[in-house]
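Okay, structure first, notes after.
The values are calculated or read from the model by the stated rules, or taken from the named source; none is laboratory data. Model, not experiment: these values are computed from the prediction. Because the Cβ atoms are built from the backbone with ideal geometry, glycine has one as well, and the counts that use them run over all protein chains shown. Side chains included, ligands, DNA and RNA excluded: accessible areas come from the protein's heavy atoms. Shrake-Rupley method; radii C 1.70, N 1.55, O 1.52, S 1.80 Å.
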Amino acid sequence: MEVFYSLWFWIGIIAIVGIIAGVIHNSTNKKAETAKYVADAQAGGDYRALADQSLETNRALLQRLDVVEQRLASIEKTLTDIPQ
């Protein structure tokens, strides 16, 4: 019974209980996170909608860049065709 009065015994018990609690807490968090990802993947997720939205944005941006490039080409042509 003298072992229960030892400070090192109680420090060891607290450490072991803390480690066990940490492992249980981590495993339940990982299980919930995995379940969330699985449910999201089964539902199709927002990834497809996000990809479609970014595709439309990229198309609009490319059209706008083509217009800017045409304007720059006409300005360059005007500047190079100046008679001296």
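Quick notes on this one:
- Here Phe4 clears all of (1) out of contact with any helix residue (DSSP H, G or I) (no Cβ under 9 Å at 6 or more places or on another chain); (2) loosely packed, with under 10 Cβ neighbours inside 10 Å except the condition numbered (1).
- Residues located in segment 25-55, provided they are open to solvent by 100 Å² or more (accessible area, probe 1.4 Å) and modelled with pLDDT of 90 or more: His25, Lys30, Lys31
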